[in-house]
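The values are calculated or read from the model by the stated rules, or taken from the named source; none is laboratory data. All figures in this text were calculated on a predicted structure; none of them were measured in a lab. In this analysis, Cβ positions are derived from the backbone assuming ideal geometry, glycine residues included, and neighbour counts consider all displayed protein chains. In case anyone asks, the SASA skips ligands and DNA or RNA and just uses the protein heavy atoms, side chains included. Shrake-Rupley method; radii C 1.70, N 1.55, O 1.52, S 1.80 Å.
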Amino acid sequence: MSHLEKLKNTTTLRNFAKLLGFKPRAISYILYKISEEDKYIQFTINKKNGGKRIINAPTEKLKILQRRLADLLNECLEEINSLYNKKTLSHGFRRKHSIITNASNHKNKRYVFNVDLKNFFPSINFGRVRGFFICNKHFELDTKVATIIAQISCHNNELPQGSPCSPVISNLIGHLLDIRMVYLAKKSKCTYSRYADDLTFSTNIKEFPESIAYKKTINVWVVGKQLKKEIEKVGFFINEEKTSMQFRTNRQTTTGLVVNKKINIKKEYYKNIRSMCHALFKNDEYYLYDRSYTGETTEEENGDDNRKRGTLNQLEGRLSFVYKIKRRNDSNEKGNRRYNPKGITKLYRQFLTYKNFFTIEVPLLICEGKTDIIYLKCALKGLKDEFQELIQVDNGKYDIKVKFLNMSHTFKDVFEIPSGTSGLKTLIELYEDNLKIFEGNGKKEPVIVLIDNDGGAHDIKKYIKKKLGIQNLEYDKTYNIVYNLFVIFISETEDTEIEDLFNQNLLETRIDGKKFSRDKEIDQDSEYGKNIFAERVIKVNQKEIDYSKFKPLLKRVNATINEYRRNIA
């Protein structure tokens, strides 16, 4: 039975609570025992036009309940959308949708007209939420269940800014608006899309349709009577101060992205991010200013009093956003990205190098794959008494004193590296060039690459010999490649992988009648791979496993860390 069917068949608080994974009395306590004042924490954030936006953030218990409801409603929304193979109209707060998919509808158009709805969430009140779930043909819920949903999601008779429920419920209720808008747009030979409270109409016809907007004076365009009427019919209102008409001869934007020829970032936004990065790389700090990401101001305009030190996470979020858009558009990206990156790839790589390798506060271990990290974490826990400098236990919780590099899809794409040993070789090769640009106070901790001592490490071994000018490698030694970068082989014995540090009886463990295989390509009928071995053999049995073969490796890691710290002290 689908999520939507289960919800439609629910008629009692008990069954509804079960659907959300809650106890009925827990929901009753949150809804009826806690006062409205104690359910939310109110604060304000600055809007780009200089005003303030009031945020009502739910307290923890209510937030968990709202998140469960939001997840359920999102599943229902996806089921409803799957029934209709139609073009997406709403792009906000939806899976696989974003401001990028929204803006893509309006590329290379003669006219782009943007409309903003006033008080979008607050205009959806308790009665509208309850009535929607009772009357909408896709839901038609029991009145008691519809009432409970409205009680969970509303505050002070409106959908609050800050609730996990508000986005999905606004999309459900806003669908009626979308239907009216797309009908009007089609009639007027326009393209329509919506992102939350931002409505966009675009067209290539010679004269923009007056039913949607008309020119009041030379530089002033106002919302057409028909458009205004259709919006107000469904209970929404236009923010007259935030409508804009943009022509092909000037820069056109939709939800903050430039759409003239291709989807792109505003130049001033990208320039501002570059400035932040360069300040960070030189001084180990950068400053944010009170600006939205689409409207930039200068330091002189803001004044020093408004300066706020930015964090690495804030800057990474901006870089990730720009990379996602410019990566596919930037002509400078063509050519050898791995050894000669340009544009946003170069900037993002510099930032990731700074964050992950230069400014680290604890030692970093780099492994060939995710399963290696699981093995090492389990080994550290099992050998906690012998390696107290690497791991400690505080009130029953493990505190591992090293970090492991998250080799995410984005990380590998930015550095243009494959998975496994060949990817590690590329990182080692690029390390010196990547780090030499930084002028701040970094390299306080070592970066240690752990390599299997098997045939796959041949190219890395060859590189180390050439780089360090040595004839033969001693596998019980640690090799300092450059700066704070070290390479350690997982075993002193050749033809050894990290899995060989487990006893043979573990390697012969059968799962559902299948045997373990280390190969990338496995027989699905008779074999299982490293991921299942790590999760269902090592993790599940970690307390009983003999980790004695890991001791030499962990001793070399520990010794490398201590020696590096002594040398830079």
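Is it true that Thr217 is more than 30 Å from Leu435 (Cβ to Cβ), crowded, with 20+ Cβ neighbours inside 10 Å and either out of contact with any Leu (no Cβ under 7 Å at 6 or more places or on another chain) or at pLDDT 90 or above (or both)?
Numbers: more than 30 Å from Leu435 (Cβ to Cβ): yes; crowded, with 20+ Cβ neighbours inside 10 Å: no; either out of contact with any Leu (no Cβ under 7 Å at 6 or more places or on another chain) or at pLDDT 90 or above (or both): yes.
In short, no.
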Checked against (1) closer than 24 Å to Lys107 by Cβ; (2) of a type outside the set (Asp, Glu); (3) open to solvent by 10 Å² or more (accessible area, probe 1.4 Å), Leu177 satisfies every condition except (3)
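Here is a yes/no grid of residues against (1) open to solvent by 40 Å² or more (accessible area, probe 1.4 Å); (2) more than 24 Å from the chain's Cα centre (by Cα); (3) under 24 Å from Gln314 (Cβ atoms); (4) among the acidic types (Asp, Glu):
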residue	(1), (2), (3), (4)
Met245	no, yes, no, no
Arg248	yes, yes, no, no
Asn260	no, yes, no, no
Asn264	no, no, yes, no
Asn272	no, no, yes, no
Checking Lys63 against (1) of a type in the set (Lys, Arg); (2) within 25 Å of the chain's Cα centre (by Cα); (3) assigned to a loop (DSSP other than H, G, I, E, B): exactly one of these is not met. Which one? (3)
Output the number of residues of the stretch 1-33 satisfying the condition of being closer than 23 Å to His155 by Cα and either under 30 Å from the mean Cα position of the chain (by Cα) or surrounded by 14 or more Cβ atoms within 10 Å (Cβ to Cβ) (or both). 14
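Of all residues in the stretch 370-381, count the ones that are in contact (Cβ under 8 Å) with a residue 40 or more places away in the chain and buried (at least 19 other Cβ atoms within 10 Å of the Cβ). Break it down into steps so the answer makes sense when it comes.
Within the stretch 370-381, the subset in contact (Cβ under 8 Å) with a residue 40 or more places away in the chain is 370-372, 374-376, 378-381.
If we keep only those that are buried (at least 19 other Cβ atoms within 10 Å of the Cβ) as well, we get 371-372, 374-376, 378-380.
Residues in the stretch 370-381 being in contact (Cβ under 8 Å) with a residue 40 or more places away in the chain and buried (at least 19 other Cβ atoms within 10 Å of the Cβ): 8 in total.
From the list Arg53, Arg68, exactly one residue is farther than 23 Å from Phe201 by Cα, modelled with pLDDT under 90 and basic (Lys, Arg). Which is it? Spell out how you get there, then give the answer.
Working: Arg68 fails: modelled with pLDDT under 90.
Criteria check complete, one pass: Arg53.
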Residues (aliphatic (A, V, I, L, M) and over 31 Å from the mean Cα position of the chain (by Cα)) located in the stretch 183-217: Leu184, Ala185, Ile205, Ile212, Ala213
Can you name the number of the only condition in (1) out of contact with any helix residue (DSSP H, G or I) (no Cβ under 7 Å at 6 or more places or on another chain); (2) buried (at least 17 other Cβ atoms within 10 Å of the Cβ); (3) within 30 Å of Ser104 (Cβ to Cβ); (4) among the small types (Gly, Ala, Ser) that Gly317 fails? (2)
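Quick check on this structure: which one of Lys326, Lys377, Lys355 is touching a strand residue (DSSP E or B) at 6+ places or on another chain (Cβ under 9 Å), among the charged types (D, E, K, R) and at pLDDT 95 or above?
Details: Lys326 fails: at pLDDT 95 or above; Lys355 fails: touching a strand residue (DSSP E or B) at 6+ places or on another chain (Cβ under 9 Å).
Lys377 is the lone residue from the list that is touching a strand residue (DSSP E or B) at 6+ places or on another chain (Cβ under 9 Å), among the charged types (D, E, K, R) and at pLDDT 95 or above.
Condition first: surrounded by 13 or more Cβ atoms within 10 Å (Cβ to Cβ) and modelled with pLDDT of 80 or more. Can you find one or more residues in the stretch 295-305 that meet it?
From the stretch 295-305, those surrounded by 13 or more Cβ atoms within 10 Å (Cβ to Cβ) are 296-297, 302; that's our starting set.
Going one step further and asking which of them are modelled with pLDDT of 80 or more, we end up with none.
For the stretch 295-305, residues surrounded by 13 or more Cβ atoms within 10 Å (Cβ to Cβ) and modelled with pLDDT of 80 or more: absent.
Kindly indicate which of Ser170, Ser166 is surrounded by 19 or more Cβ atoms within 10 Å (Cβ to Cβ), touching a Pro at 6+ places or on another chain (Cβ under 8 Å) and either at pLDDT 95 or above or in a helix (DSSP H, G or I) (or both).
Of Ser170, Ser166, the one residue that is surrounded by 19 or more Cβ atoms within 10 Å (Cβ to Cβ), touching a Pro at 6+ places or on another chain (Cβ under 8 Å) and either at pLDDT 95 or above or in a helix (DSSP H, G or I) (or both) is Ser166.
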Limited to the stretch 452-471, what total is found for residues that are open to solvent by 20 Å² or more (accessible area, probe 1.4 Å) and touching a helix residue (DSSP H, G or I) at 6+ places or on another chain (Cβ under 8 Å)? 5
Here are Arg566, Arg536: which of them is outside any strand (DSSP E or B), open to solvent by 20 Å² or more (accessible area, probe 1.4 Å) and touching a strand residue (DSSP E or B) at 6+ places or on another chain (Cβ under 8 Å)? Arg536
Among helices (runs of 4 or more DSSP H) entirely within the stretch 2-54, at least 2 residues that are touching a helix residue (DSSP H, G or I) at 6+ places or on another chain (Cβ under 7 Å) occur in 3-8, 13-20, 24-28
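In the set Lys425, Lys403, Lys443, Lys384, which member is of a type in the set (D, E, K, R), in contact with a helix residue (DSSP H, G or I) (Cβ under 8 Å, 6 or more places away or on another chain) and within 19 Å of Ala559 (Cβ to Cβ)? Even if it seems obvious, please write down each step before you answer.
Details: Lys425 fails: within 19 Å of Ala559 (Cβ to Cβ); Lys403 fails: in contact with a helix residue (DSSP H, G or I) (Cβ under 8 Å, 6 or more places away or on another chain); Lys384 fails: in contact with a helix residue (DSSP H, G or I) (Cβ under 8 Å, 6 or more places away or on another chain).
Answer to the check: Lys443.
Within the stretch 348-369, work out how many residues are in contact with a Pro (Cβ under 6 Å, 6 or more places away or on another chain) and free of Cβ contacts under 8 Å to residues at least 60 places away in the same chain. If you could, list the steps in order and put the result at the bottom.
Looking only at the stretch 348-369, we keep the residues that are in contact with a Pro (Cβ under 6 Å, 6 or more places away or on another chain), and these are 349, 363.
Going one step further and asking which of them are free of Cβ contacts under 8 Å to residues at least 60 places away in the same chain, we end up with none.
Summing the residues that are in contact with a Pro (Cβ under 6 Å, 6 or more places away or on another chain) and free of Cβ contacts under 8 Å to residues at least 60 places away in the same chain in the stretch 348-369 gives 0.
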Residue list for the stretch 383-435, filter: open to solvent by 60 Å² or more (accessible area, probe 1.4 Å), closer than 21 Å to Tyr463 by Cα and either within 26 Å of the chain's Cα centre (by Cα) or in contact (Cβ under 8 Å) with a residue 40 or more places away in the chain (or both): Glu416, Ser419, Glu432
Mind checking which residues of the stretch 480-523 are over 36 Å from the mean Cα position of the chain (by Cα) and in a loop (DSSP other than H, G, I, E, B)? Ser491, Glu492, Thr493, Glu494, Asp495, Asn503, Glu508, Thr509, Arg510, Gly513
